[in-house]
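This report refers to the structure that appears directly beneath it.
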Amino acid sequence: MRKYDAVIFDLDGTLVDSLESDVESLARCARKFGLPPVPRETSLRLFGLSNMDFYRVVFPDAGEAVYERLLRMQLPLQSEIAREMGERVLFPGVKEMLEQLKSAGLRLFIASTGTREHVYDFLTFGGVLPLFERVGFDEPVKDAMTARLLEGVDPARAVFVGDSGKDVQAAHANGLPALGAGFGYVYSGDGQFDAVYDTPAELARALL
C-alpha cells in the first residue's frame, strides 16, 4: 500500500527551474527602466518571492508604480523564454517522477506564490499540466491555499514537497510532513524540512 494519497508541490525551484528565465527577463526589463542589474546570486537567494515582493527588495526606491510596470513587462518575457525552453523548464527527472506518481494513483496539486499566468504557462510548457488536479497560485503565504487544496483529502495521507521556508510553514501549519526537493533550490536557511531528497527518483520512492 502506498504511503500517501495526495502530494502538494511547490512549483518554482521544486519542479521548475525558472531561475534562468527570471534572470534574463529581469535584466532586459531593468535596462529599459534604468535600474541597476541584479546579480544572479541575489536572484537565487530571493528565489520563491512573488515578483512584486522581489522588486521591493532589490529596487527599494523605485516605487509601486514602477513595480507594476515591471511586472507587466517581465511576465510576458518570462513566458516567452520558458516557451522556447519547453520541457527543459523542468528539473531533470521531474516529468518522469510526476508521471510515475500519477500512474500510481496519487492526487497531485500545486501551491505557488506565482501569478496564474506564470504557473499555468510553466506547467504547460513543461508538458505536465494535465497531471495536476488542483492548482493554487498568486498568494504570498501558502497556509490558507494549502488548506483549500486539501479539501476532501485526509491530511494524514498527504504531504507537501517544496524548496523554501514558506513551504515548510504551509505544510506544518496544515499538519503535513514537509519534504525538500534537493534537486531544486533547497539551501541552508530554508527551514526545517522533515527530509530532503537529492533526486526525483529518490523522492518518488519516498512518496510511494
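A few remarks follow.
- Which of Met52, Met145, Met1 is most accessible, then next, and so on - probe 1.4 Å: Met1, Met52, Met145
- The amide H of Ala111, built 1.01 Å from its N in the peptide plane, has Phe9, Asp10, Leu11, Gly136 as neighbours under 5 Å, considering only residues 5 or more places off or on other chains.
- Volume per residue of the convex hull around the Cα atoms, evaluated for segment 107-208, comes out as 102 Å³.
- Rounded percent of accessible protein surface that carbon and sulfur make up, segment 150-208, 1.4 Å probe: 49 percent
- Helix 64-85 axis versus longest C-alpha principal axis of the chain: approximately 60°, rounded to the nearest ten.
- Mean Cα-pair separation over length for segment 47-153, i.e. relative contact order, pairs under 8 Å, 6 or more apart, %: 28 percent
- Accessible surface of segment 1-64 [probe 1.4 Å, protein heavy atoms]: carbon and sulfur percent: 53 percent
- Amide H contacts of Val196 (H built 1.01 Å from N, in plane; Pro and chain starts excluded): Gly180 sit under 5 Å, all sequence-distant by 5 or more or on other chains.
- Here the chain carries DSSP beta bridges of which approximately 5% are antiparallel, counting only pairs with both residues inside.
- Rounded to the nearest 10 Å², the accessible area of His118 at probe 1.4 Å: 20 Å²
- Accessible surface computed residue by residue for the chain, with neighbouring protein chains in place and a 1.4 Å probe, gives 45 Å² per residue.
- Rounded Å value of the spacing that divides the Cα centres of segment 85-108 and segment 1-37: 17 Å
- In terms of overall dimensions, the chain has a Cα radius of gyration and Dmax of 16.7, 57 angstrom.
- Per-selection Rg to Rh, segment 121-171 - Cα, Kirkwood hydrodynamic radius: 0.97
- Set of lysines with alpha-carbon distance to Lys166 below 18 Å, sequence-local pairs under 8 removed: Lys142
- Of the accessible area of segment 67-127, computed with a 1.4 Å probe over protein heavy atoms only, carbon and sulfur atoms account for 49 percent.
- Across the chain, the longest piece that holds none of the GluC sites (Glu not before Pro) lying in DSSP loops with up to 14 other C-beta atoms within 10 Å covers 1-132.
- Using alpha-carbon coordinates, inclination of helix 94-103 to the longest axis of the chain, degrees: 40 degrees
The values are calculated or read from the model by the stated rules, or taken from the named source; none is laboratory data. This is a predicted model, so every value here is computed, not measured. Cβ atoms come from the backbone with ideal geometry, glycine included; neighbour counts cover every protein chain shown. Quick note on the areas: whole protein, heavy atoms, side chains included, nothing else; ligands and nucleic acids left out. Shrake-Rupley method; radii C 1.70, N 1.55, O 1.52, S 1.80 Å.
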